Amino acid sequence: MSNNKSAYDDNNIFARILRGEIPCKKIYEDTHSLAFEDIHPQAPVHTLVIPKGKYVSMKDFAENAPDAEIAALLRSVAKVAEIKGLKESGYRILANAGADAHQEVPHLHFHIFGGKALGPMLVDRI
């Protein structure tokens, strides 16, 4: 569990989903993670994978999560890609962290995109 509890918002939407207060279209669940469909999909396949622990970002997760929880989350991402039929065609994994990356929910989460050619990752705007 995160040592940065003051930064974690227990009322964020993912915390509420984990508590069962908000429904989700569950794709996969294990002891340490939950995967569900994004409610505003950006691709034919757009699934979110979140740890069940209270982690705001990858930094928080990497510094505070037990090794078993870290391994389980990464395995869950791979498992969900397989469940969604993306193993052969390919997929993109995205995790936003902080304001500059437009992280909207202060709970670590991975987006898995696929189901079509996704194009370049970033548009050169420098």
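VAL45 - would you say it is farther than 14 Å from HIS109 by Cα and crowded, with 19+ Cβ neighbours inside 10 Å? Spelling it out, VAL45 is indeed farther than 14 Å from HIS109 by Cα and crowded, with 19+ Cβ neighbours inside 10 Å.
Looking only at region 93-104, count how many residues are crowded, with 16+ Cβ neighbours inside 10 Å and either in contact with a strand residue (DSSP E or B) (Cβ under 6 Å, 6 or more places away or on another chain) or closer than 13 Å to ASP38 by Cα (or both). First the steps, then the outcome.
Residues of region 93-104 crowded, with 16+ Cβ neighbours inside 10 Å: 96, 103.
When the remaining residues are screened for being either in contact with a strand residue (DSSP E or B) (Cβ under 6 Å, 6 or more places away or on another chain) or closer than 13 Å to ASP38 by Cα (or both), the result is none.
Within region 93-104, residues that are crowded, with 16+ Cβ neighbours inside 10 Å and either in contact with a strand residue (DSSP E or B) (Cβ under 6 Å, 6 or more places away or on another chain) or closer than 13 Å to ASP38 by Cα (or both) number 0.
For GLU21, indicate whether it is more than 30 Å from ALA117 (Cβ to Cβ), of a type in the set (Asp, Glu) and in a helix (DSSP H, G or I). No. Checked against the criterion of being crowded, with 19+ Cβ neighbours inside 10 Å, farther than 30 Å from GLY119 by Cβ and either in contact with a Pro (Cβ under 9 Å, 6 or more places away or on another chain) or hydroxyl-bearing (Ser, Thr, Tyr) (or both), the candidates ALA65, ALA7 yield just one match: ALA65.
Quick note: the coordinates plus some simple rules give every number you see, no bench work behind them. Computed from a predicted model, the values in this text were never measured in an experiment. Neighbour counts are summed over all protein chains in view; Cβ atoms, including those assigned to glycine, are modelled from backbone coordinates with ideal geometry.
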